[in-house]
Amino acid sequence: MIQGLGIDIIEVERIATRIAAESGFRELVFSESEILYCEAKTNKYEHYAARFAAKEAFLKALGSGWTNNIYFNEIEITNNKSGKPELTLKGKTKELLESLSPTINSVSLSHLKVLPLLL
């Protein structure tokens, strides 16, 4: 049974600009393993943007939004051995949301092609 569905899309350029301009933004929003994953990619900002949108979509599905007790870097998007994206909760965010009993069965990532002139 689907309890909530969240969809979100964000411009890759917007995330690239925020990461480049704001000290600490990347660490506030992304987990250490997400940063390592994205930084190893040729088009790293596409991967950051996809993960950001997935986190936003997750919060929309919960119906909670980004509250003071939910930390973006504790909502982690990883890939399993076959490459399928998965969402994992960590830390205080996991503790807070365990009471809601969310079951995550599927995560989908998408992004637009980045034009070389933008980055």
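Applying the criterion of being polar (S, T, N, Q) and at pLDDT 85 or above to the residues of the stretch 64-91, the residue that is surrounded by the fewest Cβ atoms within 10 Å (Cβ to Cβ) is Ser82. The condition (being at pLDDT below 90 and within 17 Å of Glu86 (Cα to Cα)) is satisfied by just one residue among Ala61, Ala53, Ala21: Ala61.
Inside the stretch 11-42, can you point out the residues that are in a helix (DSSP H, G or I), without any contact (Cβ under 8 Å) to a residue 12 or more places away in the chain and either touching a Phe, Trp or Tyr at 6+ places or on another chain (Cβ under 7 Å) or surrounded by 11 or more Cβ atoms within 10 Å (Cβ to Cβ) (or both)? Within the stretch 11-42, Thr17, Arg18, Ala20, Phe25, Ile35, Glu39 qualify.
The values are calculated or read from the model by the stated rules, or taken from the named source; none is laboratory data. Quick caveat, the model's predicted, so the values are computed rather than measured. In this analysis, Cβ positions are derived from the backbone assuming ideal geometry, glycine residues included, and neighbour counts consider all displayed protein chains.
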